[in-house]
1. Can you list residue pairs whose Cβ atoms sit under 7 Å apart, with the first residue in the stretch 188-202 being without any contact (Cβ under 8 Å) to a residue 40 or more places away in the chain and the second being in a helix (DSSP H, G or I)? Count only pairs 6 or more apart in sequence or on different chains.
2. Assuming Ile410 fulfils every condition listed in (1) within 19 Å of Lys307 (Cα to Cα); (2) buried (at least 23 other Cβ atoms within 10 Å of the Cβ); (3) in contact with a Ser or Thr (Cβ under 6 Å, 6 or more places away or on another chain); (4) β-branched (Val, Ile, Thr) apart from one, which condition is it?
3. When you go through (1) in a helix (DSSP H, G or I); (2) out of contact with any Asp or Glu (no Cβ under 7 Å at 6 or more places or on another chain); (3) farther than 14 Å from Tyr331 by Cβ one by one for Ile60, which number turns out not to apply?
4. Consider Ser327 against the criteria (1) under 30 Å from Pro19 (Cβ atoms); (2) among the polar types (S, T, N, Q); (3) in contact with an Asp or Glu (Cβ under 7 Å, 6 or more places away or on another chain): it satisfies all of them except one. Which criterion is unmet?
5. Which of the residues spanning the stretch 335-394 are closer than 20 Å to Gly89 by Cβ and of a type in the set (S, T, N, Q)?
6. Looking at (1) modelled with pLDDT of 95 or more; (2) over 27 Å from Trp55 (Cβ atoms); (3) outside any loop (DSSP other than H, G, I, E, B); (4) not β-branched (Val, Ile, Thr), which one does Leu354 not meet, given that it meets all the others?
7. Tell me, which helices (runs of 4 or more DSSP H) lie completely within the stretch 100-187 with 3 or more residues that are surrounded by fewer than 19 Cβ atoms within 10 Å (Cβ to Cβ) and of a type in the set (A, V, I, L, M, F, W, C)?
Amino acid sequence: MQLISQTAVEGRPGPNFAPRQSAIDASALTDLHVYAKGQPYALYRELREHAPVAWVDEPISGAGFWAVTRYADVMKVNADPQTFSSQRGGILMGTPKPEQGHPLLTRASLDAMINMDAPWHLELRREHMAFFTPKYLDKLKGRIAQEVTNLLDAMAPHAAEDIDMVEHFSARLPLYTLCELLGVPEPDRPKFLEWMHYLERAQDLAMQQRVGTLQLSPDLLSFIGAFNTNVEEMFAYGRDILEKRRAEPREDLLTAIANAKLDGELLADEYLDGSWLLIVFAGNDTTRNTLSGAMRLLTEFPDQRAKLASQPHLMVNAANEFIRMVSPVIYMRRTAARDTEIAGQEIAEGEKVLMYYGAANRDPSMFDNPDTLNVERANADKHIAFGYGPHVCLGKRVAQIQLEEAYRQILGRYPSATWTGDIDIAPNNFVHAISRLGVRLGG
């Protein structure tokens, strides 16, 4: 199979068919720094109501995209990979080029399962499935529960103080869980925290480079040097440990990745890099941000926090409600493989289509009072924060288990745990990335 990074295209300039709805300025969707204040829910609402399939100019590449914001329409795109391809350009708003950021990181972001169509996507997905079955996850659940206890024990001496939840809890629990799944030796695990720190800045730096606003101060030059060193180290580690799993297989996810095949052949090194990057980033980032986002929600809706603290059996449903409202993955891109239509809007072959999960998950036609946290919401499990159809996230149940266990223990020990109002959100329009969240657990 030819490398996706060698065949990916940006997308056709357009629109090639006139937009049906009245024009709405949706340029904020392309502005990273808008997202440093959180997702633009007011804009999502306006688009859902007046332009649910809206054309948005993407000024850097010149190839704009169709923004899809209604629940039913996002479901339609997700469910039809024959019409809406992941492989023709990948899943990001703009197709990255090696000169725009670290070349190895850029290539690996394309050469991964998430960017593949059938049959290759299904072939690789099948190799991973054994580590996401209920039987396997039941074994993992107990280890997650113990790690939550360990993390809260470490935080207990600071319960009456303001503390950064990301640093002390949200970044650490998904890292532990990911490393348990993968089979990473314990001495190597701290490296993952360092790598994630740099990966989260990658999009912002690449975008500044693309638009010519990157200011090369001494501090930034130092950061870029450290960034490059860490990216090289991350991929070198991944290649080394995957090669070891080919030579000495074990019962872990790393072995499944290392020995996966496409068209009967072991993965080329480039696809190993892509698989490694995908599992490190996707396995960490979304759960981390939902863990933090849930604390903010429980503070904004104290009646729901009190209900959960007194009725912990509601936690399974509450986890789905947290995920729905946070929607940590902001969008996913597809590219039209043929002329088609969505909600009456004609779309030309080769044009980009972006599904906005945060907009779909707050569509009032699907969720009553969608901007209100309701831990007893009857259809909370209908959220599509993890996608839908053949590309639905393999790790979604792992994320739910972590959320359920984390908040069962947090509210069991600290029923009045509160967000202090202190928050930093990275300028990132692909992932809702909370880099700092002040909390006070309570005595």
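The values are calculated or read from the model by the stated rules, or taken from the named source; none is laboratory data. What you see is a predicted model, and the numbers here were worked out from it, not measured in a lab. Note that we place each Cβ from the backbone using ideal geometry, even for glycine, and neighbour counts take in every protein chain shown.
1. Arg189/Leu175; Arg189/Cys179; Leu193/Leu175; Glu194/Asn230; Tyr198/Phe227; Tyr198/Asn230; Tyr198/Val231
2. (3)
3. (1)
4. It fails just one condition, (3).
5. Within the stretch 335-394, Thr335, Thr340, Gln345 meet the criteria.
6. Of (1) modelled with pLDDT of 95 or more; (2) over 27 Å from Trp55 (Cβ atoms); (3) outside any loop (DSSP other than H, G, I, E, B); (4) not β-branched (Val, Ile, Thr), only one is false for Leu354: (2).
7. Passing ranges, in order: 134-155.
So that you can scan it fast, the table gives a plain yes or no per residue for (1) more than 30 Å from Gly442 (Cα to Cα); (2) at pLDDT 90 or above:
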{"position": "Glu161", "(1), (2)": "no, yes"}
{"position": "Val166", "(1), (2)": "no, yes"}
{"position": "Glu194", "(1), (2)": "no, no"}
{"position": "Ala206", "(1), (2)": "yes, no"}
{"position": "Arg210", "(1), (2)": "yes, no"}
